[in-house]
1. Quick one: count up the residues across the range 78-130 that are under 22 Å from the mean Cα position of the chain (by Cα), surrounded by fewer than 20 Cβ atoms within 10 Å (Cβ to Cβ) and without any contact (Cβ under 8 Å) to a residue 24 or more places away in the chain.
2. Taking the stated definitions as given, is LEU196 hydrophobic (A, V, I, L, M, F, W, C) and closer than 30 Å to LEU314 by Cβ?
3. Restricting to the range 392-404, give me the number of residues that are under 28 Å from the mean Cα position of the chain (by Cα), over 11 Å from VAL377 (Cα atoms) and surrounded by 15 or more Cβ atoms within 10 Å (Cβ to Cβ).
4. For HIS362, are the conditions met, namely being surrounded by fewer than 16 Cβ atoms within 10 Å (Cβ to Cβ), farther than 30 Å from LEU111 by Cβ and either more than 18 Å from the chain's Cα centre (by Cα) or not assigned by TED's automatic domain parsing to the domain that holds ARG225 (or both)?
5. Going through the range 54-69 one residue at a time, which ones are more than 10 Å from the chain's Cα centre (by Cα) and surrounded by fewer than 24 Cβ atoms within 10 Å (Cβ to Cβ)?
6. Counting only residues that are within 30 Å of LYS165 (Cβ to Cβ) and either buried (at least 18 other Cβ atoms within 10 Å of the Cβ) or modelled with pLDDT under 90 (or both), which one in the range 202-228 is farthest from the chain's Cα centre (by Cα)?
7. Got a number for residues in the range 111-133 being closer than 17 Å to PRO44 by Cα, in a strand (DSSP E or B) and out of contact with any Pro (no Cβ under 7 Å at 6 or more places or on another chain)?
8. Please verify whether the range 12-32 includes one or more residues that are in a helix (DSSP H, G or I) and loosely packed, with under 15 Cβ neighbours inside 10 Å.
Amino acid sequence: MLVEFRVTNFRSFREEQCLSFSASAHDKGMDDTHCIVTNHSAAPKLVRSTVIYGANASGKTNLIFALMTMQQLMLNSTRMLEPQYREHYTPFLLDEKSRKLPTELEIMLLLDGVRYQYGFKFDGERICSEWLLVYKASKAQRWFEYHYNPETGENDWEPFSVHFKGEKKGQRELWKASTAARSLFLTQAAQSNSQLLQPLFNWFANDLIVLPARAEFNLLPTLQRLEDPKYKDWVLRLMNAADIHISDIKVEKRKGQQVEFKLEPGKPPELRTFEGELPDVEFCHTTPDGIEQWFDRRFESFGTQRLLGYAAPLLDAIENGKLLVVDEFDTSLHPLLTRYILRMLHKPHLSQNGAQLWMTTHDTSLLDPELLRRDQVWFVEKKKDQTSELYSLLEFSPRKNDAIERGYLQGRYGAVPFLSEFLF
(Lines give C-alpha, C1' and ligand atoms only; values in the text may rest on other atoms or scores of the structure.)
Protein backbone atom coordinates (compact mmCIF):
# COMPACT_ATOMS: atom_id res chain seq x y z
CA MET A 1 0.00 0.00 0.00
CA LEU A 2 1.18 3.50 -0.78
CA VAL A 3 1.93 5.68 2.23
CA GLU A 4 3.46 8.68 0.46
CA PHE A 5 5.21 9.79 -2.73
CA ARG A 6 7.72 12.64 -2.97
CA VAL A 7 9.09 14.45 -6.00
CA THR A 8 11.65 17.24 -6.46
CA ASN A 9 12.78 19.03 -9.63
CA PHE A 10 10.60 17.13 -12.06
CA ARG A 11 8.88 19.10 -14.83
CA SER A 12 6.83 21.84 -13.14
CA PHE A 13 7.61 20.59 -9.60
CA ARG A 14 10.78 22.44 -8.59
CA GLU A 15 10.57 22.24 -4.80
CA GLU A 16 9.86 18.98 -2.99
CA GLN A 17 6.18 17.99 -3.01
CA CYS A 18 4.59 15.12 -1.09
CA LEU A 19 1.32 13.27 -1.72
CA SER A 20 0.31 11.37 1.41
CA PHE A 21 -2.24 8.59 1.84
CA SER A 22 -1.93 8.72 5.65
CA ALA A 23 -5.31 9.31 7.23
CA SER A 24 -5.62 12.35 9.45
CA ALA A 25 -5.80 11.60 13.16
CA HIS A 26 -8.18 14.57 13.55
CA ASP A 27 -10.77 13.28 11.11
CA LYS A 28 -12.73 10.28 12.39
CA GLY A 29 -15.46 10.46 9.77
CA MET A 30 -16.12 7.35 7.69
CA ASP A 31 -13.15 5.55 9.26
CA ASP A 32 -14.74 2.14 8.79
CA THR A 33 -15.25 2.54 5.05
CA HIS A 34 -12.72 5.05 3.73
CA CYS A 35 -9.65 3.95 5.71
CA ILE A 36 -7.43 0.87 5.83
CA VAL A 37 -6.20 -0.07 9.30
CA THR A 38 -2.52 -1.05 9.02
CA ASN A 39 -1.59 -1.66 12.69
CA HIS A 40 1.70 0.11 11.90
CA SER A 41 2.70 2.86 14.34
CA ALA A 42 4.04 5.25 11.67
CA ALA A 43 0.91 5.04 9.51
CA PRO A 44 -1.90 3.44 11.55
CA LYS A 45 -4.54 4.28 8.93
CA LEU A 46 -4.32 4.89 5.19
CA VAL A 47 -7.08 6.34 3.04
CA ARG A 48 -8.39 4.17 0.23
CA SER A 49 -8.42 6.97 -2.33
CA THR A 50 -7.16 10.46 -3.05
CA VAL A 51 -8.66 12.92 -5.52
CA ILE A 52 -6.52 15.73 -6.97
CA TYR A 53 -7.95 18.95 -8.40
CA GLY A 54 -6.32 21.80 -10.26
CA ALA A 55 -6.63 24.06 -13.27
CA ASN A 56 -5.53 22.90 -16.70
CA ALA A 57 -1.70 22.82 -16.96
CA SER A 58 -1.37 23.16 -13.17
CA GLY A 59 0.77 20.01 -12.85
CA LYS A 60 -1.67 17.25 -11.85
CA THR A 61 -0.52 15.03 -14.71
CA ASN A 62 3.16 15.79 -14.02
CA LEU A 63 2.78 14.21 -10.58
CA ILE A 64 1.54 11.01 -12.21
CA PHE A 65 4.33 11.21 -14.80
CA ALA A 66 6.82 11.37 -11.91
CA LEU A 67 5.45 8.12 -10.49
CA MET A 68 5.51 6.54 -13.96
CA THR A 69 9.15 7.64 -14.38
CA MET A 70 10.06 6.00 -11.09
CA GLN A 71 8.29 2.82 -12.18
CA GLN A 72 10.01 2.76 -15.58
CA LEU A 73 13.49 3.31 -14.15
CA MET A 74 12.89 0.73 -11.43
CA LEU A 75 11.79 -1.95 -13.89
CA ASN A 76 14.00 -1.17 -16.90
CA SER A 77 17.07 0.86 -15.90
CA THR A 78 19.45 -2.09 -16.38
CA ARG A 79 18.47 -2.52 -20.03
CA MET A 80 17.71 1.00 -21.20
CA LEU A 81 19.65 2.48 -24.08
CA GLU A 82 21.25 5.83 -23.34
CA PRO A 83 18.68 7.89 -25.34
CA GLN A 84 15.82 6.08 -23.57
CA TYR A 85 17.35 6.86 -20.19
CA ARG A 86 17.90 10.53 -21.03
CA GLU A 87 14.24 10.98 -21.97
CA HIS A 88 13.28 10.33 -18.35
CA TYR A 89 15.30 13.29 -17.06
CA THR A 90 12.94 16.28 -17.32
CA PRO A 91 13.89 18.84 -14.63
CA PHE A 92 12.29 22.24 -14.09
CA LEU A 93 13.71 24.27 -16.98
CA LEU A 94 12.53 27.78 -16.18
CA ASP A 95 15.43 28.74 -13.97
CA GLU A 96 19.14 28.30 -14.65
CA LYS A 97 19.93 26.46 -11.42
CA SER A 98 17.18 23.83 -11.51
CA ARG A 99 17.84 22.73 -15.09
CA LYS A 100 21.26 21.50 -13.99
CA LEU A 101 20.16 19.78 -10.78
CA PRO A 102 19.11 16.12 -10.47
CA THR A 103 15.52 14.96 -10.13
CA GLU A 104 14.68 13.25 -6.82
CA LEU A 105 11.93 10.64 -6.43
CA GLU A 106 11.07 8.85 -3.18
CA ILE A 107 8.28 6.49 -2.21
CA MET A 108 7.11 4.99 1.07
CA LEU A 109 5.23 1.68 0.91
CA LEU A 110 3.72 -0.70 3.44
CA LEU A 111 4.10 -4.28 2.23
CA ASP A 112 3.13 -7.23 4.47
CA GLY A 113 3.55 -5.09 7.58
CA VAL A 114 7.02 -3.83 6.60
CA ARG A 115 7.56 -0.16 5.73
CA TYR A 116 9.94 0.59 2.85
CA GLN A 117 11.33 4.07 2.19
CA TYR A 118 13.10 4.00 -1.17
CA GLY A 119 14.38 6.79 -3.38
CA PHE A 120 17.00 7.96 -5.83
CA LYS A 121 18.36 11.05 -7.57
CA PHE A 122 19.27 11.09 -11.24
CA ASP A 123 20.22 13.44 -14.05
CA GLY A 124 20.77 12.99 -17.77
CA GLU A 125 24.12 11.26 -17.27
CA ARG A 126 23.71 8.88 -14.35
CA ILE A 127 22.03 7.79 -11.13
CA CYS A 128 23.43 10.30 -8.62
CA SER A 129 22.33 8.58 -5.41
CA GLU A 130 20.07 5.78 -4.21
CA TRP A 131 18.90 4.62 -0.80
CA LEU A 132 16.60 2.16 0.94
CA LEU A 133 15.41 2.31 4.55
CA VAL A 134 13.38 -0.59 5.93
CA TYR A 135 11.26 -0.36 9.08
CA LYS A 136 10.45 -3.76 10.52
CA ALA A 137 10.04 -2.00 13.86
CA SER A 138 10.14 1.69 14.81
CA LYS A 139 13.88 1.99 14.09
CA ALA A 140 15.09 2.23 10.49
CA GLN A 141 17.43 -0.30 8.94
CA ARG A 142 19.48 1.44 6.23
CA TRP A 143 19.93 -1.50 3.88
CA PHE A 144 21.99 0.42 1.33
CA GLU A 145 22.89 3.96 0.26
CA TYR A 146 25.40 5.54 -2.09
CA HIS A 147 26.17 8.96 -3.57
CA TYR A 148 28.11 9.77 -6.71
CA ASN A 149 31.38 11.62 -6.05
CA PRO A 150 32.21 13.87 -9.06
CA GLU A 151 35.78 14.35 -7.84
CA THR A 152 36.61 10.64 -7.99
CA GLY A 153 34.09 9.66 -10.64
CA GLU A 154 32.95 6.82 -8.36
CA ASN A 155 30.05 6.10 -6.03
CA ASP A 156 30.69 6.51 -2.31
CA TRP A 157 28.86 3.63 -0.61
CA GLU A 158 27.68 3.43 2.96
CA PRO A 159 28.28 0.02 4.56
CA PHE A 160 25.50 -2.46 3.82
CA SER A 161 23.16 -3.13 6.73
CA VAL A 162 23.65 -6.43 8.53
CA HIS A 163 19.94 -6.99 7.89
CA PHE A 164 20.45 -6.85 4.11
CA LYS A 165 22.07 -10.12 3.13
CA GLY A 166 22.89 -11.76 -0.16
CA GLU A 167 21.95 -15.36 -0.65
CA LYS A 168 25.65 -16.20 -1.06
CA LYS A 169 28.78 -14.68 0.40
CA GLY A 170 29.90 -11.63 -1.52
CA GLN A 171 26.72 -11.46 -3.58
CA ARG A 172 25.95 -7.88 -2.52
CA GLU A 173 29.40 -6.78 -3.72
CA LEU A 174 28.78 -8.52 -7.03
CA TRP A 175 25.47 -6.71 -7.47
CA LYS A 176 27.21 -3.43 -6.62
CA ALA A 177 29.98 -4.03 -9.15
CA SER A 178 27.44 -4.95 -11.84
CA THR A 179 25.41 -1.74 -11.42
CA ALA A 180 26.15 0.60 -14.34
CA ALA A 181 26.08 4.41 -14.12
CA ARG A 182 22.54 4.66 -15.50
CA SER A 183 21.20 1.61 -13.64
CA LEU A 184 19.61 1.36 -10.22
CA PHE A 185 21.24 -0.95 -7.70
CA LEU A 186 17.82 -2.19 -6.55
CA THR A 187 16.91 -3.15 -10.11
CA GLN A 188 20.20 -4.97 -10.60
CA ALA A 189 19.88 -6.86 -7.31
CA ALA A 190 16.20 -7.76 -7.74
CA GLN A 191 16.78 -9.01 -11.29
CA SER A 192 19.68 -11.05 -9.90
CA ASN A 193 17.22 -12.83 -7.59
CA SER A 194 17.65 -10.89 -4.36
CA GLN A 195 14.85 -12.35 -2.27
CA LEU A 196 14.92 -9.47 0.22
CA LEU A 197 14.38 -6.81 -2.45
CA GLN A 198 11.82 -8.77 -4.44
CA PRO A 199 8.72 -7.47 -2.57
CA LEU A 200 9.60 -3.85 -3.37
CA PHE A 201 10.46 -4.62 -7.00
CA ASN A 202 7.31 -6.72 -7.42
CA TRP A 203 5.12 -3.86 -6.18
CA PHE A 204 6.30 -1.68 -9.07
CA ALA A 205 6.02 -4.59 -11.52
CA ASN A 206 2.65 -6.02 -10.48
CA ASP A 207 0.82 -3.87 -7.93
CA LEU A 208 1.03 -0.41 -9.54
CA ILE A 209 -1.44 0.22 -12.39
CA VAL A 210 -1.18 3.61 -14.11
CA LEU A 211 -3.71 4.75 -16.73
CA PRO A 212 -2.48 8.02 -18.32
CA ALA A 213 -5.08 10.36 -19.78
CA ARG A 214 -3.45 10.81 -23.17
CA ALA A 215 -2.58 7.18 -23.82
CA GLU A 216 -4.78 5.15 -26.14
CA PHE A 217 -7.22 3.24 -23.96
CA ASN A 218 -6.34 -0.44 -23.94
CA LEU A 219 -9.31 -2.82 -23.89
CA LEU A 220 -7.11 -5.91 -24.18
CA PRO A 221 -6.79 -6.69 -20.42
CA THR A 222 -10.58 -6.63 -20.09
CA LEU A 223 -11.15 -8.68 -23.25
CA GLN A 224 -8.68 -11.33 -22.11
CA ARG A 225 -10.69 -11.93 -18.93
CA LEU A 226 -14.15 -12.04 -20.46
CA GLU A 227 -13.79 -15.80 -20.99
CA ASP A 228 -14.21 -16.18 -17.22
CA PRO A 229 -18.03 -16.35 -16.60
CA LYS A 230 -17.78 -14.81 -13.12
CA TYR A 231 -15.71 -11.93 -14.40
CA LYS A 232 -18.02 -11.42 -17.37
CA ASP A 233 -21.01 -11.28 -15.03
CA TRP A 234 -19.24 -8.64 -12.89
CA VAL A 235 -18.47 -6.52 -15.99
CA LEU A 236 -22.09 -6.71 -17.18
CA ARG A 237 -23.35 -5.67 -13.74
CA LEU A 238 -20.92 -2.73 -13.76
CA MET A 239 -22.07 -1.64 -17.23
CA ASN A 240 -25.75 -1.91 -16.31
CA ALA A 241 -25.19 -0.04 -13.07
CA ALA A 242 -24.27 2.80 -15.39
CA ASP A 243 -27.66 2.43 -17.12
CA ILE A 244 -26.06 1.40 -20.42
CA HIS A 245 -28.45 -1.54 -21.07
CA ILE A 246 -25.98 -4.06 -22.43
CA SER A 247 -27.32 -7.59 -22.05
CA ASP A 248 -24.19 -9.47 -23.19
CA ILE A 249 -20.62 -9.02 -24.37
CA LYS A 250 -18.52 -11.32 -26.51
CA VAL A 251 -15.00 -11.26 -27.89
CA GLU A 252 -14.42 -12.04 -31.55
CA LYS A 253 -11.05 -12.74 -33.16
CA ARG A 254 -10.59 -10.72 -36.34
CA LYS A 255 -7.80 -10.94 -38.87
CA GLY A 256 -5.68 -7.86 -39.21
CA GLN A 257 -2.18 -6.48 -39.55
CA GLN A 258 -0.07 -6.38 -36.43
CA VAL A 259 3.03 -4.25 -36.02
CA GLU A 260 6.18 -5.22 -34.12
CA PHE A 261 8.92 -2.69 -33.34
CA LYS A 262 12.34 -4.16 -32.59
CA LEU A 263 15.17 -2.10 -31.09
CA GLU A 264 18.51 -3.73 -30.30
CA PRO A 265 21.83 -2.11 -29.29
CA GLY A 266 24.11 -1.50 -32.28
CA LYS A 267 21.41 -2.23 -34.85
CA PRO A 268 19.03 0.08 -36.73
CA PRO A 269 15.39 0.04 -35.58
CA GLU A 270 13.33 -2.65 -37.30
CA LEU A 271 9.61 -2.32 -38.00
CA ARG A 272 7.84 -5.56 -38.97
CA THR A 273 4.21 -6.08 -39.97
CA PHE A 274 2.48 -9.44 -40.12
CA GLU A 275 -1.01 -10.89 -40.41
CA GLY A 276 -2.56 -12.08 -37.17
CA GLU A 277 -5.75 -12.33 -35.17
CA LEU A 278 -6.78 -9.45 -32.96
CA PRO A 279 -9.46 -9.66 -30.27
CA ASP A 280 -12.39 -7.30 -30.70
CA VAL A 281 -15.53 -6.81 -28.68
CA GLU A 282 -19.22 -6.90 -29.60
CA PHE A 283 -22.11 -5.67 -27.47
CA CYS A 284 -25.59 -7.14 -27.31
CA HIS A 285 -28.69 -5.02 -26.76
CA THR A 286 -32.05 -6.74 -26.17
CA THR A 287 -35.19 -5.15 -27.55
CA PRO A 288 -38.38 -4.87 -25.40
CA ASP A 289 -39.83 -7.91 -27.22
CA GLY A 290 -36.75 -10.03 -26.38
CA ILE A 291 -34.85 -9.90 -29.68
CA GLU A 292 -31.05 -9.73 -29.35
CA GLN A 293 -29.12 -7.34 -31.58
CA TRP A 294 -25.30 -7.36 -31.64
CA PHE A 295 -23.18 -4.27 -32.38
CA ASP A 296 -19.43 -3.90 -32.83
CA ARG A 297 -17.57 -1.14 -31.00
CA ARG A 298 -18.17 1.42 -33.78
CA PHE A 299 -21.76 1.74 -32.57
CA GLU A 300 -20.96 2.21 -28.87
CA SER A 301 -20.05 5.52 -27.27
CA PHE A 302 -16.52 6.35 -26.16
CA GLY A 303 -17.82 6.49 -22.58
CA THR A 304 -19.11 2.91 -22.80
CA GLN A 305 -15.79 1.69 -24.17
CA ARG A 306 -13.85 3.65 -21.55
CA LEU A 307 -15.92 2.10 -18.76
CA LEU A 308 -15.26 -1.34 -20.24
CA GLY A 309 -11.56 -0.52 -20.32
CA TYR A 310 -11.65 0.49 -16.64
CA ALA A 311 -13.25 -2.84 -15.69
CA ALA A 312 -10.11 -5.02 -15.79
CA PRO A 313 -7.72 -2.73 -13.87
CA LEU A 314 -10.44 -1.79 -11.38
CA LEU A 315 -11.32 -5.40 -10.60
CA ASP A 316 -7.63 -6.33 -10.54
CA ALA A 317 -6.96 -3.60 -7.97
CA ILE A 318 -9.94 -4.61 -5.80
CA GLU A 319 -9.20 -8.34 -5.97
CA ASN A 320 -5.45 -8.10 -5.32
CA GLY A 321 -5.00 -4.92 -3.27
CA LYS A 322 -3.23 -2.85 -5.92
CA LEU A 323 -2.82 0.89 -6.44
CA LEU A 324 -4.78 2.18 -9.44
CA VAL A 325 -3.64 5.61 -10.70
CA VAL A 326 -5.96 7.26 -13.24
CA ASP A 327 -5.40 10.65 -14.86
CA GLU A 328 -8.62 12.52 -15.73
CA PHE A 329 -10.76 9.75 -14.31
CA ASP A 330 -14.01 11.46 -15.20
CA THR A 331 -13.30 11.70 -18.95
CA SER A 332 -16.45 10.56 -20.80
CA LEU A 333 -17.97 9.22 -17.56
CA HIS A 334 -21.13 10.60 -15.99
CA PRO A 335 -20.51 12.11 -12.51
CA LEU A 336 -22.87 9.59 -10.91
CA LEU A 337 -20.85 6.74 -12.41
CA THR A 338 -17.61 8.20 -11.04
CA ARG A 339 -19.24 8.33 -7.59
CA TYR A 340 -20.45 4.75 -8.02
CA ILE A 341 -16.90 3.51 -8.70
CA LEU A 342 -15.51 5.45 -5.73
CA ARG A 343 -18.17 3.95 -3.46
CA MET A 344 -17.23 0.46 -4.68
CA LEU A 345 -13.65 1.05 -3.61
CA HIS A 346 -14.81 2.34 -0.22
CA LYS A 347 -16.79 -0.80 0.61
CA PRO A 348 -14.61 -2.98 2.89
CA HIS A 349 -16.53 -6.16 2.05
CA LEU A 350 -15.66 -5.63 -1.64
CA SER A 351 -12.17 -4.19 -1.26
CA GLN A 352 -10.76 -6.58 1.33
CA ASN A 353 -7.08 -6.49 0.28
CA GLY A 354 -6.26 -2.81 0.65
CA ALA A 355 -6.89 -1.51 -2.89
CA GLN A 356 -6.14 2.20 -3.36
CA LEU A 357 -7.09 4.76 -6.01
CA TRP A 358 -5.20 7.95 -6.94
CA MET A 359 -7.11 10.03 -9.46
CA THR A 360 -7.10 13.49 -11.00
CA THR A 361 -10.38 15.06 -12.01
CA HIS A 362 -12.25 18.29 -12.78
CA ASP A 363 -15.54 16.84 -11.49
CA THR A 364 -16.30 19.14 -8.56
CA SER A 365 -19.45 17.21 -7.63
CA LEU A 366 -17.14 14.71 -5.90
CA LEU A 367 -16.32 17.38 -3.30
CA ASP A 368 -19.12 16.01 -1.18
CA PRO A 369 -18.49 15.38 2.55
CA GLU A 370 -20.72 12.30 2.30
CA LEU A 371 -18.49 10.85 -0.43
CA LEU A 372 -14.94 11.91 0.49
CA ARG A 373 -13.16 12.74 3.71
CA ARG A 374 -11.27 16.02 3.87
CA ASP A 375 -7.91 14.22 3.98
CA GLN A 376 -8.67 12.59 0.61
CA VAL A 377 -8.84 15.89 -1.29
CA TRP A 378 -5.69 17.51 -2.74
CA PHE A 379 -4.99 20.46 -4.99
CA VAL A 380 -2.24 21.42 -7.43
CA GLU A 381 -1.72 25.10 -8.23
CA LYS A 382 0.61 26.77 -10.72
CA LYS A 383 2.32 29.73 -9.04
CA LYS A 384 3.51 32.98 -10.62
CA ASP A 385 7.01 31.61 -11.17
CA GLN A 386 5.37 28.70 -13.09
CA THR A 387 6.24 26.07 -10.49
CA SER A 388 3.56 23.67 -9.27
CA GLU A 389 2.56 23.34 -5.63
CA LEU A 390 0.70 20.35 -4.16
CA TYR A 391 -1.31 20.81 -0.97
CA SER A 392 -4.12 19.18 0.99
CA LEU A 393 -7.59 20.51 1.72
CA LEU A 394 -6.71 19.98 5.39
CA GLU A 395 -4.36 22.98 5.24
CA PHE A 396 -7.48 25.20 5.20
CA SER A 397 -8.98 23.52 8.30
CA PRO A 398 -12.47 23.25 6.77
CA ARG A 399 -15.37 22.44 9.05
CA LYS A 400 -17.33 19.24 8.44
CA ASN A 401 -20.40 21.15 7.29
CA ASP A 402 -18.52 23.48 4.90
CA ALA A 403 -19.70 23.52 1.28
CA ILE A 404 -16.38 22.36 -0.17
CA GLU A 405 -17.48 22.35 -3.82
CA ARG A 406 -18.85 25.87 -3.63
CA GLY A 407 -15.74 27.09 -1.81
CA TYR A 408 -13.45 25.55 -4.41
CA LEU A 409 -15.33 27.08 -7.34
CA GLN A 410 -15.20 30.46 -5.59
CA GLY A 411 -11.41 30.16 -5.36
CA ARG A 412 -11.25 29.72 -1.57
CA TYR A 413 -8.72 26.88 -1.85
CA GLY A 414 -6.86 28.06 -4.95
CA ALA A 415 -6.03 25.61 -7.76
CA VAL A 416 -8.56 27.20 -10.15
CA PRO A 417 -7.88 29.08 -13.40
CA PHE A 418 -7.82 32.88 -13.32
CA LEU A 419 -10.10 33.85 -16.20
CA SER A 420 -10.06 37.22 -17.91
CA GLU A 421 -12.37 38.64 -20.55
CA PHE A 422 -11.43 37.66 -24.09
CA LEU A 423 -12.00 40.28 -26.76
CA PHE A 424 -11.82 39.82 -30.51
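The values are calculated or read from the model by the stated rules, or taken from the named source; none is laboratory data. The model shown is predicted, which means the values in this text are computed figures rather than measured ones. Glycine also receives a Cβ, built like all others from the backbone with ideal geometry; neighbour counts cover every protein chain displayed.
1. 3
2. Values: hydrophobic (A, V, I, L, M, F, W, C): yes; closer than 30 Å to LEU314 by Cβ: no.
Criteria not met by LEU196.
3. Initially, the range 392-404 is screened for residues under 28 Å from the mean Cα position of the chain (by Cα), giving 392-398, 404.
Among the residues that remain, those that are also over 11 Å from VAL377 (Cα atoms) are: 396-398.
Now narrow it down to the ones that are surrounded by 15 or more Cβ atoms within 10 Å (Cβ to Cβ): 396, 398.
So the answer is 2.
4. Numbers: surrounded by fewer than 16 Cβ atoms within 10 Å (Cβ to Cβ): yes; farther than 30 Å from LEU111 by Cβ: yes; either more than 18 Å from the chain's Cα centre (by Cα) or not assigned by TED's automatic domain parsing to the domain that holds ARG225 (or both): yes.
When the stated conditions are applied, HIS362 passes them.
5. In the first step, residues of the range 54-69 are kept if they are more than 10 Å from the chain's Cα centre (by Cα); the result is 54-62, 69.
Those that are more than 10 Å from the chain's Cα centre (by Cα) and surrounded by fewer than 24 Cβ atoms within 10 Å (Cβ to Cβ): ALA55, ASN56, ALA57, THR61, ASN62, THR69.
6. So in the range 202-228, the residues within 30 Å of LYS165 (Cβ to Cβ) come out as 202-208.
When the remaining residues are screened for being either buried (at least 18 other Cβ atoms within 10 Å of the Cβ) or modelled with pLDDT under 90 (or both), the result is 203-204, 207-208.
Numbers: TRP203: 11, PHE204: 10, ASP207: 10, LEU208: 6 Å.
In this case the residue turns out to be TRP203.
7. Quick first cut of the range 111-133, residues closer than 17 Å to PRO44 by Cα only: 111-117.
Pick out the ones that are also in a strand (DSSP E or B) and you get 111, 114-117.
Those still in the list that are out of contact with any Pro (no Cβ under 7 Å at 6 or more places or on another chain) too: 114-117.
The qualifying residues number 4.
8. In the first step, residues of the range 12-32 are kept if they are in a helix (DSSP H, G or I); the result is 31-32.
Adding the requirement that they be loosely packed, with under 15 Cβ neighbours inside 10 Å leaves 31-32.
Among the residues of the range 12-32, at least one is in a helix (DSSP H, G or I) and loosely packed, with under 15 Cβ neighbours inside 10 Å, which makes the answer yes.
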